[in-house]
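Asks: Before we start, here is the structure in question, set down as structure tokens.
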Amino acid sequence: MGKYYLEEVFVRAKMVLSKKRIILIAVLGCLVLIGLLSMIGVIPNKYARVDKTGSKVAYKGKSYTELKEIAGEGVQVRQYISNFVLPRYDETGKEVFSITGKEAFLINEQQYMINRPEIHIRGAAASMLGSDDEEDDSELSEEEESEDKESEPQDIVITSKKGEMNRQSNVAVLTGNVVVRLSDNTTLTTERMLYYPEEKKARTDEPVFIRGERMNITGLGMEAEMTSGRMSIEKNVVAEIMDTDSSLFVVSLGDEEEKEDNGEKKEKPKRIYIRSSGRMVFEKDPNMVIFHDDVKVRKGNSTMTTDKMTIVFGKDGKKAKMIIAEGNVTASDGEKVAKSNTLYWDAVTGTTTLEGAPNASFFEKKMSMIAPKLLFNQTENKVSAPNGGQLTTKGFEEGSSEDGMLGSGNVTITWQGRMRFDKSRGEAVFEENVHTSRKNFKMNSDKLIIEFDKEGGMKAKGLRATGGAYMVENEGGNLREVYGDEVHWSKDTGVIEVLGEGTLYIQGKGSAKDGASKGMTNISWAKKMVRDEKNMKISFFGNVIALKGEEQVECNKLNAFLTEGNKVRRVVALGDVVYNDTKEGGLVAIGDVLEWDWKINKMVLSGTPTVEVRKQGARTFAKRVYYDPETQRLSWREKPKWQIPLEGKDAGMSIPLELY
């Protein structure tokens with residue numbers, strides 16, 4: 001029983017093995033048949049091996065000769081690949097790079113020649129040349145904005161008509177309408193490009209064209225690092241940038257908005273054009289573009305030239321937040337011109353900073369300014385120069401007159417400390433060793449404050465010089481110097497006040513006949529000096545002492561009346577008046593009012609109840625006396641009263657004498 005059972009098992013096993021052998025042989029036969037059919041082109045095959053002499057071998061109707069013609073003369077076609085795909089992976093097995101093509105030829109066992117190649121670079125730097133996302137992020141919170149800054153990496157795709165890739169180095173050479181998709185709406189095109197997958201770098205020596213929604217760039221030669229997002233165009237760069245906030249480049253003193261001829265607000269230009277003869281470098285982190293060598297910028301009527309310019313954008317790439325121009329900077333908006341070694345513009349503060357060695361300079365139609373450092377704040381309408389400088393203007397007043405404190409002629413102000421101009425307040429402040437000068441006039445002070453009429457075209461309406469003031473005026477050969485604690489001037493009243501103790505020195509020429517003072521005239525006071533330009537009068541207050549040659553007047557108040565040529569023509573002394581003619585044969589007169597005509601050099605002294613006159617020891621009293629300093633002649637119209645001093649044993653006494 002057991003014996004028959006074993007024999008039956010063996011028989012069935014042989015039958016099973018015979019069936020499997022038949023199936024295996026059939027499968028192998030089919031494979032061989034399919035291979036033969038694919039080799040002769042009956043069945044399409046992705047890969048086709050071509051031998052040297054395969055003139056009879058064809059692929060999809062193409063003979064070996066035809067394949068060589070497609071691949072090019074002088075090469076050996078070793079393999080033809082349809083729908084070429086070659087991926088590369090990192091150590092974790094993640095795909096980082098792939099190159100595909102419609103078809104490929106293996107040339108000389110070393111080089112793939114690819115038709116319609118397409119390179120995919122996985123996880124490259126997020127959106128080179130900025131984001132194209134148009135969503136408004138102005139409502140984002142600080143946390144959301146911080147998170148939004150971390151952009152997701154994007155694939156970069158490169159396509160062309162033809163390509164070659166080395167089997168050993170995997171370096172790809174792309175030719176014919178090479179297109180690099182940097183982001184959804186930004187592309188770079190050129191005619192030839194090399195790609196190095198190991199370094200993830202691309203470069204070309206051919207002209208390149210970058211097109212985007214907010215930026216168009218052309219230039220010669222390019223090199224890009226796909227991982228870091230750094231890209232450079234080698235030379236002859238021309239960039240067109242859409243300035244979404246219309247404030248990419250502005251140098252301004254805070255002037256009013258430009259208006260059309262019909263008075264309507266002029267629309268600001270939206271595009272900025274930048275040219276450079278040298279390299280342009282784009283850095284992804286931070287998000288900035290650097291232009292080198294002979295850089296020229298134009299936005300509407302605004303222009304700038306410099307050796308190097310850096311534009312720093314926000315993380316989204318939409319708005320410029322900083323501009324740095326370095327080397328031989330010249331900027332202009334059509335009316336104003338600024339020159340410096342460096343220019344720095346900060347969008348956050350709205351400030352343009354100019355720095356020069358030794359000075360930066362700023363010019364406009366009626367004003368120029370030089371200083372080591374100048375700051376223009378558009379947002380707050382402020383200008384400052386913190387390290388000293390010089391300002392020259394064609395005048396703070398309208399008209400052709402050069403009279404007044406500042407006049408309409410050229411005015412120059414220098415300072416060694418800080419200068420601040422605040423248009424909203426209508427005020428300019430100059431600090432530390434301030435010198436103000438115009439034709440025939442100079443003033444020194446520790447601090448100078450100029451007030452402007454905001455509603456009247458920013459014309460000067462007032463001035464204050466503090467910390468000790470010194471003024472010099474030289475007109476028509478008459479030199480006047482004034483010292484005081486403070487100087488105040490008002491355009492509305494036409495009054496100049498010198499506060500505190502002060503002294504006025506007047507150096508005249510000529511003779512009294514033409515109204516000029518002969519020799520030096522000094523006038524000092526204890527309280528203040530007030531010059532009324534409208535009434536052509538100068539008043540002195542408090543313990544006034546006036547010296548004119550060898551004559552002296554002391555009083556509580558002194559009024560000096562001027563000619564149109566600003567010469568003293570008449571002087572009136574008031575209160576506790578003491579006149580002293582110190583020349584030989586002179587006299588001393590004491591009264592309440594002294595009226596002195598400088599043109600004819602004669603005076604009248606009056607008193608209440610009388611004037612006392614002392615001469616050579618004698619004293620006379622009269623209600624009014626007349627005196628000629630030239631002839632020393634004294635006269636009066638009413639009967640005088642004399643006191644004649646006695647001599648001898650009665651010396652020191654006097655006899656009253658009344659003349660009838």
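Asks: Would you mind getting me the FRET efficiency between Lys615 and Asn410? Use the beta-carbon distance for r and R0 = 56 Å, nearest 0.05.
Replies: 0.60
Asks: Between Lys439 and Asn522, what FRET efficiency follows from the Cβ-Cβ distance if R0 is 22 Å, with the result rounded to 0.05? Spell out each step's value before the answer.
Replies: Values: r = 25 Å, r/R0 = 1.13.
Result of the calculation: an efficiency of 0.30.
Asks: Can you give the FRET efficiency to the nearest 0.05 for Thr175 and Asp293, using r as the Cβ-Cβ distance and R₀ = 41 Å? It would help to have the intermediate numbers written out before the result.
Replies: Numbers: r = 29 Å, r/R0 = 0.72.
Computed FRET efficiency for Thr175 and Asp293: 0.90.
Asks: Shifting gears a bit: In nm, what is the difference between 0.36 nm times the number of residues separating Gln507 and Thr563 and their Cα-Cα distance? Intermediate results must be reported in sequence, preceding the final value.
Replies: Working: separation 56, 0.36 × 56 = 20.16 nm, distance 1.60 nm.
Full extension from Gln507 to Thr563 adds 18.6 nm.
Asks: Need one number: nm distance between label points at Gln110 and Thr92, each 7 Å from Cα along Cα→Cβ, rounded to one decimal.
Replies: 3.7
Asks: Mind listing the phi-derived Karplus ³J(HN,Hα) values for region 155-170, rounded to whole Hz, using 6.51, -1.76 and 1.60 with θ = phi - 60°, and x for any glycine or proline?
Replies: 6, 10, 10, 10, 10, 6, 6, 9, x, 10, 9, 6, 5, 7, 8, 6
Asks: Moving on. Treating only the Cβ atoms of Lys and Arg (+1) and Asp and Glu (-1) as charged, compute the dipole magnitude of region 422-500 about its Cα centre; round to the nearest 20 debye. Don't jump to the answer; show the numbers that get you there.
Replies: Details: 12 positive and 15 negative charges, 68 e Å.
With Lys and Arg at +1 and Asp and Glu at -1, about 320 debye.
Asks: Counting Lys +1, Arg +1, Asp -1, Glu -1, what net charge surrounds Leu194 among other residues with beta carbon under 13 Å of its beta carbon?
Replies: On the way: positive: Arg192, Lys200, Lys201, Arg203; negative: Glu164, Glu191, Glu198, Glu199, Asp205, Glu206, Glu223.
It works out to a net charge of -3.
Asks: Given the Cα-Cα distance of Lys534 and Glu191 and 0.36 nm per residue of separation, how much length would full extension add, in nm? Provide the component values of the computation, followed by the final result.
Replies: Values: separation 343, 0.36 × 343 = 123.48 nm, distance 7.88 nm.
Result for the pair: 115.6 nm of gain on full extension.
Asks: Rounded to the nearest 20 debye, what is the charge dipole size of region 309-391 about its Cα centre when +1 sits on each Lys and Arg Cβ and -1 on each Asp and Glu Cβ?
Replies: On the way: 10 positive and 8 negative charges, 22 e Å.
Using Cβ point charges on Lys, Arg, Asp and Glu, region 309-391 gives about 100 debye.
Asks: Per residue of region 222-230, in order, report the coupling 6.51 cos²θ - 1.76 cosθ + 1.60 (Karplus, θ = phi - 60°) as ³J(HN,Hα) in whole Hz, putting x for Gly and Pro.
Replies: 8, 9, 9, 9, 5, 6, 7, x, 7
Asks: Please list, in order, the residues from region 544-578 whose amide nitrogen is less than 20 Å from a point placed 7 Å along the Cα→Cβ vector of Glu475.
Replies: 559-572
Read-outs: derived from the displayed coordinates by stated rules, not from any lab. Model, not experiment: these values are computed from the prediction. Don't worry about glycine lacking a Cβ; one is built from the backbone with ideal geometry, like all the others, and counts go over all protein chains shown.
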